[in-house]
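S.K.: Supplied in structure tokens, the structure appears directly below.
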Amino acid sequence: MLDASEGYTTEDGRKIGGVVMEMKNITLRFGGVVAIKDISFDIREGEIRAIIGPNGAGKSSMLNVISGFYNPQEGQVFYKGDLRPPMKPYQVARQGIARTFQNIALFDGMSVLDNIMTGRIRQMEAGLFAQAIWKGKAEREEVENREAVEKIIDFLEIQHIRKTPVGRLPYGLKKRVELARALAAEPSILLLDEPMAGMNVEEKEDMSRFILDVNDEFGTTIALIEHDMGVVMDLSDRVVVMDYGKKIGDGTPDEVRSNQAVIDAYLGVAHD
Amino acid sequence: MPEQLLWGMEVFLNGLMAGVLYALVALGFVLIFKASGIFNFSQGVMALFAALTLVGIMEGQVPFSHLINAVFGTEIHHFGWHVPALAAILLTMVVMVLLAWLVNHFIFRHLVNQEPIILFMATIGLAYFLEGFGDIMWGADIKKLDVGLPQGINGTIDEVTYNLFGYGFFIDNLDLWATFIAILLVIGLVLFAQYSKHGRAMRAVADDHQAALSVGISLNFIWVMVWSLAGFVAIVAGIMWGTKSGVQFSLSLIALKALPVLMLGGFTSIPGAIVGGLIIGVGEKLFEFTFGGMMGGATENWFAYVLALIVLVFRPQGLFGEKIIERV
């Protein structure tokens, strides 16, 4: 049922694996409004997959379907070859799908370090009772996970703000902390909802570099939504284009760029 | 040393001890408010319910015996066994966790994203329900609670102070124990909240539901956990107050004494609840001692509220609360 066959090698020599997630005929409705209409696409292991489209195309809804915040009325989600039943968002997260939000959802009252530590919940197994007395396993876990978090902090160059409460940080740094928290989960798929929205040119360059580095260094599969076409074309291996809840294009950046339906959607041709 | 000063010191110390008990009740409020934004009016009744359950288990009382006797015409009251205090406390903890689960499952799970005032009303309902439920389950008579905590004047302190100042301080052993246990409880709670996975998850849920879900935190689990913690605090408060003045339904009114403590300390601060409790405990005892005579006594009934009112005028967020700044 699933073509999880051999992958391919990109121009810059990265190995892309088999299909890790497949969306099949997804339809999502809010009352009478159809947000996503019969969309299918897949995400391969190790690739950077972009979802683009004009405002209101249903990109964020799609990301919310993948991360379990919305359950589609029709269609199936296959994760690592298995059909995924309807799930709560926290269950999806525990399966190894981490995400960031368009409007940043961080724990403002907590320090940067604590924020990123919450991302490690999947890796920490000590029960409530063990923690209440904080002995043995719980203590060892805390130390191990703390080390992993410190590595991510180094990687994203946010050492200088480790102890700062997140609420006090500027926008660009908040975005980076949110990425760090998602990364801390060592996700098999990382979902980024407009990681560069509202950033200036310099911050955008930084963020692009981090996204590429994360993919390169850890081999993390990344699915992202982005408005900035230049950024998307530079970053991604394959692109899905959505318009009015429908898929109008799917392929490499070059294929998509020369697709007439995509050009029409972006330049604005009368819809019949 | 002048006698007046010595009396003042004794009153001060006793005030500190009374303050610890206020702080204990306030602590239960702060825990739930911090993690779920619910002002839990039923915290006092939870303490009462915990104390009733503890006595009931220790004495081997048959739950709902009045109801059973009325319906079936039987004459049962007790199983005829006595449960040791420690085992009874553990069983009461189990009951409080069960209560936490029921409260979340049947009430607050359905009220997610509702206005705070609606959640507050729900806790008022819960308070009245629990009070009635405790009554049906364990009976309305005043019960004696004795879990083996020492009571009465502390001989050592009396002797030492007598040798030092020529006047022996009266400090109740129970108050000393209450202080000691409260300190342990607070240290434990703070460590748990700051340095454990679930403590962090608790703070995360308090901060942002969506973000908490996205990192794999189950909101329902955290809410049950928080209500259970508040239940444990209620057990401790119930034991202390119950031992001091007997387990009776007026115990639920101590919740009202916690309100000024919270206004003073701030609704979101655990240290604030402690300091607020101590200030009010000491304040009302010293005020009664110095001015009580002039005003015809009984100032303890209103002093805490007046103090809270004054704090509200100058620092609406309390002494330790987070300052709320609205950006325009």
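Where a number appears in this text, it was derived from the coordinates with a stated rule and is not lab data. Computed from a predicted model, the values in this text were never measured in an experiment. FYI the Cβ positions are ideal-geometry reconstructions off the backbone, even for glycines, and counts take in every protein chain you see.
S.K.: Set the Förster distance to 41 Å, then compute FRET efficiency between A:Leu267 and B:His110 from the Cβ-Cβ distance, nearest 0.05.
M.R.: The pair A:Leu267/B:His110 has a calculated efficiency of 0.25.
S.K.: Under the definition of partner shielding as Cβ atoms of other protein chains within 10 Å of a residue Cβ, what is the mean value for peptide A:99-112?
M.R.: That works out to 4 on average.
S.K.: Taking the alpha-carbon distance from A:Lys137 and a cut-off under 16 Å, which aspartates and glutamates remain once sequence neighbours fewer than 8 residues away in the same chain are dropped?
M.R.: Cα-Cα hits under 16 Å: A:Glu125, A:Glu147.
S.K.: Now for a different question. Highest mean first, what order results for B:9-17, B:255-263, A:213-221 on Cβ atoms within 10 Å?
M.R.: Peptide ranking by packing, descending: B:255-263, B:9-17, A:213-221.
S.K.: Count charges around B:Phe165 for me, please; just the other residues with Cβ under 15 Å from its Cβ, Lys/Arg as +1, Asp/Glu as -1.
M.R.: -4
S.K.: Also, quick follow-up: Treat the count of other C-beta atoms within 10 Å as a stand-in for reagent exposure and order B:Leu251, B:Leu189, A:Leu267 from fewest to most.
M.R.: Result, fewest neighbours first: A:Leu267, B:Leu189, B:Leu251.
S.K.: Here is a follow-up. Given A:Lys88/A:Lys163; A:Lys88/A:Lys246; A:Lys175/B:Lys34; B:Lys244/B:Lys285; A:Lys80/A:Lys175; A:Lys24/A:Lys174, which pairs have Cα atoms separated by over 27 Å?
M.R.: In this structure, A:Lys88/A:Lys163; A:Lys80/A:Lys175; A:Lys24/A:Lys174 lie more than 27 Å apart at Cα.
S.K.: Please give the net charge around B:Leu286, taking every other residue with its beta carbon less than 15 angstrom from that of B:Leu286, where Lys and Arg add +1 and Asp and Glu add -1.
M.R.: -3
S.K.: Ok, one more. In whole Å, what three semi-axes, largest first, describe the equivalent ellipsoid of chain A built from its Cα gyration tensor (square root of 5 times each eigenvalue)?
M.R.: Equivalent-ellipsoid dimensions as semi-axes: 32, 22, 18 Å.
S.K.: Under the definition of partner shielding as Cβ atoms of other protein chains within 10 Å of a residue Cβ, what is the mean value for peptide A:178-191?
M.R.: Counting other chains' Cβ atoms within 10 Å and averaging over A:178-191 gives 1.
S.K.: Ignoring everything except DSSP H segments at least 4 long, calculate the 222 nm mean residue ellipticity for chain B; use -39,500 (n - 2.57) per segment, divide by total residues, nearest 500.
M.R.: Counting only the DSSP helices, I get -24000 deg cm²/dmol.
S.K.: For segment B:123-232, state which trypsin sites (Lys or Arg not before Pro) are in a DSSP loop and have at most 13 other beta carbons lying within 10 Å of their beta carbon.
M.R.: B:Lys144
S.K.: What does the helix-only formula give at 222 nm for chain A: each DSSP H stretch with n ≥ 4 adding -39500 (n - 2.57), the total divided by the residues, and the result rounded to the nearest 500 deg cm²/dmol?
M.R.: Here the helix-only value at 222 nm equals -10500 deg cm²/dmol.
S.K.: In nanometres, what is the gap between the two model label sites at A:Gln123 and A:Ser188, each 7 Å from Cα along Cα-to-Cβ?
M.R.: My value for the distance between the label points is 1.8 nm.
S.K.: Still on this structure, I have one more. For the protein assembly as shown, build the convex hull from the C-alpha positions and give me its volume per residue in Å³. Before the final figure, lay out the partial values.
M.R.: Values: hull volume 132.1 nm³, N = 600.
Hull volume over Cα atoms, normalised by residue count, gives 220 Å³.
S.K.: Next question, about the same structure. When N counts the residues of segment B:3-314, how does its alpha-carbon radius of gyration compare numerically with 2.2 N^0.38 Å, as a ratio?
M.R.: Values: Rg = 20.8 Å, N = 312, 2.2 N^0.38 = 19.5 Å.
After normalising by residue count via 2.2 N^0.38 Å, the value is 1.07.
S.K.: Grab the other residues whose beta carbon is less than 10 angstrom from that of A:Met21, score K and R as +1, D and E as -1, and report the net.
M.R.: Details: positive: A:Arg44, A:Arg49, A:Lys80, A:Arg84; negative: A:Glu22, A:Asp42, A:Glu45.
In short, +1.
S.K.: If I model a spin label as a point 7 Å beyond the Cα along the Cα-Cβ vector, how far apart are those points for B:Val94 and A:Val143 in nm?
M.R.: Going from the B:Val94 label point to the A:Val143 one covers 3.6 nm.
S.K.: When a footprinting reagent is the concern and you count Cβ atoms within 10 Å, what order do B:Trp302, B:Trp177 take, fewest first? Don't jump to the answer; show the numbers that get you there.
M.R.: Numbers: B:Trp302 13, B:Trp177 17.
By the 10 Å Cβ count, ascending: B:Trp302, B:Trp177.
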